[in-house]
Amino acid sequence: MNNGDSTSGMINVADDVEILSDPKINNASRIVYTFLLASADSSNKCKYSFNELSCILSLHRDTIVRAIKRLIEHGYISRENQNAKDGAYMPNIYTIIK
């Protein structure tokens, strides 16, 4: 969890004003990014499904999918899909890049 200490090596929302002024990033994408950033562990990773993000953030699932895609395209996050050995679905792993 982000403790706000910029000396800890973790990314801090206050330090990252780029996303706030980036004209290619819409408000839904900023909301998703901020949530993922706040949820990230010490290695800047967190796990959520699109449906979980939709419920938590009160945004339509399609909006979440578009926001994640935009954040990936512009280098703010990466996404790793997970699958259980039996083929069952597991949440995506998101890594905050910048």
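Every number here is computed from the coordinates shown, using simple stated rules; none is lab data. If you're wondering where the values come from, they're calculated on a predicted model, not measured in any experiment. Glycine gets a Cβ as well: all are built from the backbone with ideal geometry, and neighbour counts include every protein chain shown.
Shown in residue order for the range 22-29 are the 3J(HN,Hα) couplings computed by the Karplus curve 6.51 cos²θ - 1.76 cosθ + 1.60 at θ = phi - 60°: 6, x, 7, 9, 8, 5, 4, 5 Hz (x for Gly and Pro).
The string of couplings for the range 67-81 from the Karplus curve (6.51, -1.76, 1.60, θ = phi - 60°) is 5, 4, 4, 5, 5, 5, 4, 9, x, 8, 9, 10, 10, 10, 7 Hz, one whole number per residue in order, with x for Gly and Pro. Rounded to the nearest 20, the size of the Cβ-charge dipole of the range 6-96 about its Cα centre is 260 debye, with Lys and Arg at +1 and Asp and Glu at -1.
Here the peptides 23-36, 53-66, 84-97 are ranked by packing, the mean other Cβ count within 10 Å, and the order with the highest first is 23-36, 53-66, 84-97. Proximity of backbone amide H atoms, modeled 1.01 Å from N, is registered between I97 and I77, S78 at under 5 Å, excluding neighbours fewer than 5 places apart on the same chain.
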